Amino acid sequence: MKLIHNSLYQTALAPRRITVSLRSPSQGTSLQRWTFTDQPVIKIGRCANNDIVLHSSVVSRYHLEARRIATQWKIINFGNNGTYLEGQPITEAIVRDGMIIRLAISGPQLQIQLGSSVPDSMLKNVLKTQLVN
């Protein structure tokens with residue numbers, strides 16, 4: 001029975017849902033939001049066949065990918081003008097819930113939020129089981 005709980009525990013903690021919000025540079029509010037569930041790769045860029053299309057001259061056609069790897073997400077820069085986290089250029093980074101990145105030094109800001117596809121009530125029960133065992 002413990003094996004079942006461990007398997008459910010790992011599934012519950014995996015960030016299966018990811019939401020990307022385009023932020024207003026002046027107000028810090030969300031202008032547009034995209035949510036993906038159980039999608040292993042999310043492509044962001046100017047080209048129409050990306051999952052998230054951003055119409056900005058500083059954004060590359062294929063600028064950024066978010067990849068779900070095991071129990072976490074990783075972002076990978078492919079853009080010529082770079083991707084920035086806290087003002088520093090990155091080639092790749094592990095996604096933290098609520099993190100804000102910028103595409104190019106003066107480009108659009110994106111906030112990334114992680115969520116579980118498992119209901120909170122089930123997650124609480126799984127965590128209690130883990131603590132008891």
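The values are calculated or read from the model by the stated rules, or taken from the named source; none is laboratory data. Small disclaimer: the values here were computed from a predicted structure and weren't measured. Heads up, the Cβs are rebuilt from the backbone with ideal geometry, glycines too, and the neighbour counts pull from every protein chain shown.
Anything in the range 72-93 that is in a loop (DSSP other than H, G, I, E, B) and β-branched (V, I, T)? List them, or say none.
T91
I want to confirm something. Restricting to the range 31-71 and keeping residues that are in contact with a Lys or Arg (Cβ under 6 Å, 6 or more places away or on another chain) and part of a strand (DSSP E or B), which single residue is surrounded by the most Cβ atoms within 10 Å (Cβ to Cβ)?
G45
Kindly indicate whether R96 is modelled with pLDDT of 95 or more and either among the polar types (S, T, N, Q) or outside any loop (DSSP other than H, G, I, E, B) (or both).
So R96 does not fit the description; no.
Test A12 against the stated conditions and say whether it is exposed (fewer than 15 other Cβ atoms within 10 Å of the Cβ) and either outside any loop (DSSP other than H, G, I, E, B) or modelled with pLDDT of 95 or more (or both).
The answer is no for A12.
Which residues, taken from the range 71-86, are of a type outside the set (A, V, I, L, M, F, W, C), over 9 Å from the mean Cα position of the chain (by Cα) and under 22 Å from R46 (Cα atoms)?
Across the range 71-86, the qualifying residues are N77, G79, N80, N81, G82, T83, Y84.
Is there any pair with a first residue in the range 76-89 that is at negative phi and a second that is in a loop (DSSP other than H, G, I, E, B) and loosely packed, with under 11 Cβ neighbours inside 10 Å whose Cβ atoms are under 8 Å apart and which are 6 or more apart or on different chains, and what are they?
I76/T91; N77/T91
Can you run down the residue pairs with Cβ atoms below 6 Å, 6 or more apart or on separate chains, where the first is in the range 52-63 and more than 22 Å from T19 (Cβ to Cβ) and free of Cβ contacts under 8 Å to residues at least 40 places away in the same chain and the partner is in a loop (DSSP other than H, G, I, E, B) and hydrophobic (A, V, I, L, M, F, W, C)?
R61/C47
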